[in-house]
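Colleague: Provided herewith is a single structure, encoded as structure tokens, for subsequent inquiry.
The values are calculated or read from the model by the stated rules, or taken from the named source; none is laboratory data. Just so it is clear, the model here is predicted, and its values are computed rather than measured. All Cβ positions, glycine included, derive from the backbone under ideal geometry; neighbour counts span all protein chains shown.
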Amino acid sequence: MASSASASTLAVLLLFSLCLAFAHGTSIAVDHLMGGSDREIADRKVRCYQDIDNGLWGDACKASEIDKENCALACISSTCYNSVYGGDPLEEGEIDLRRGRQFKACIQGLLKSERLAKVRSTTTYQ
């Protein structure tokens, strides 16, 4: 009887472990699809600053720090930049948290759409 109880306990523990592993793996996949974009945005911004410093965006983007910032935002996403800042770019000394949050939300939406499109293109339905 003891070995039957041990086998049952082992089976329950194994099933529980598999459920935990599946749940954890699912949350990682959901986080990857829906969140985690702060690092991606920061990585894009670093690459954009490098491109600007290397002259790929022209001299106007190196004229001042605020010009460089506006160019970096446009480099990250011209769509989001035009939507949020297009008619009223950042000015020297300006800190606009509201538009900064709008820009970030726009980028996150684009990244989410890109990820979903990538998943859809690699998933086959039968």
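Colleague: Just a yes or no: is a residue in segment 39-48 farther than 23 Å from Glu114 by Cα and modelled with pLDDT of 95 or more? Step through it out loud before you land on a result.
Modeller: The initial filter retains those residues of segment 39-48 that are farther than 23 Å from Glu114 by Cα, namely none.
Among the residues of segment 39-48, not one is farther than 23 Å from Glu114 by Cα and modelled with pLDDT of 95 or more, which makes the answer no.
Colleague: Are there any pairs with C-beta distances below 6 angstrom linking a residue in segment 53-75 that is in the same structural domain as Ile41 (by TED's automatic domain parsing) and in contact (Cβ under 8 Å) with a residue 40 or more places away in the chain to a residue that is assigned to a helix (DSSP H, G or I) and exposed (fewer than 11 other Cβ atoms within 10 Å of the Cβ), with the two at least 6 apart or on different chains, and if so which?
Modeller: That search, which allows pairs on different chains as well, returns nothing.
Colleague: Take the residues in segment 34-93 that are among the polar types (S, T, N, Q) and outside any helix (DSSP H, G or I), then tell me which one is surrounded by the most Cβ atoms within 10 Å (Cβ to Cβ).
Modeller: Among residues in segment 34-93 that are among the polar types (S, T, N, Q) and outside any helix (DSSP H, G or I), the one surrounded by the most Cβ atoms within 10 Å (Cβ to Cβ) is Ser77.
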